[in-house]
Amino acid sequence: MNSQVPTLATPIIIIVDDDAAVRGSLKFALEIEGFAVHAYGKGDELFGDADLADCACFIIDQKLPGTTGLDLVSALREQRIAAPVILITSAPPLALLERAAKAGVPIVEKPLLGNALLDRVRDATTHPPTAH
């Protein structure tokens with residue numbers, strides 16, 4: 001069996017979710033698809049990662065200890081990290097949908113069934129935002 005070893009060209013996906021089972025499942029699924037994955041349980045753990053600037057895409061849970069996913073997106077943008085973000089959450093209220101849309105952050109609803117999240121990740125990593 002030939003396992004794929006991440007290379008310099010391998011897109012880095014960063015996951016932030018406080019649910020260890022979700023984090024582990026996403027990490028496993030994305031690594032099978034050939035991505036390099038860094039996973040964190042809390043938003044504040046993220047900012048010690050040297051690969052933030054090289055990240056191809058973030059997957060961030062909306063409900064995190066001490067913060068929200070959209071607040072974490074704001075903190076990333078303040079640090080000039082422009083990589084696409086996909087927010088994951090269960091039953092998002094209309095206000096959250098509107099805030100996320102205004103921030104340009106798509107939401108994939110939990111439970112994460114089918115290929116919706118993987119399709120978003122592939123799209124984000126093959127069509128990165130253009131620099132202005």
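Every number here is computed from the coordinates shown, using simple stated rules; none is lab data. What you see is a predicted model, and the numbers here were worked out from it, not measured in a lab. Note: ideal-geometry Cβ built from the backbone for every residue, glycine included; neighbour counts use all protein chains shown.
Summary table below
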| read-out | value |
| --- | --- |
| Considering only region 36-108, percent of DSSP beta bridges that pair antiparallel, nearest 5 | 25 |
| Cα-based shape type of region 54-132, given that a ≥ b ≥ c are square roots of the gyration tensor eigenvalues and the cut on a/c is 1.5 | oblate |
| Cβ-defined net charge surrounding residue 24, 11 Å radius [Lys, Arg +1; Asp, Glu -1] | -1 |
| Stretch gain in nm, segment residue 47-residue 112, where the contour uses 0.36 nm per residue and the Cα spacing is subtracted | 20.8 nm |
| Cα gyration tensor category, rounded, prolate or oblate, for the chain with a/c compared to 1.5 | rounded |
| Dipole of the chain, positive direction: furthest Cα of 58, 101, 70, with charges on the beta-carbon | 101 |
| Alpha carbon centroid spacing (whole Å) that separates region 10-29 from region 46-118 | 13 |
| Amide H contacts under 5 Å for residue 59, placed H, 5+ residues apart | 14, 15, 16, 86 |
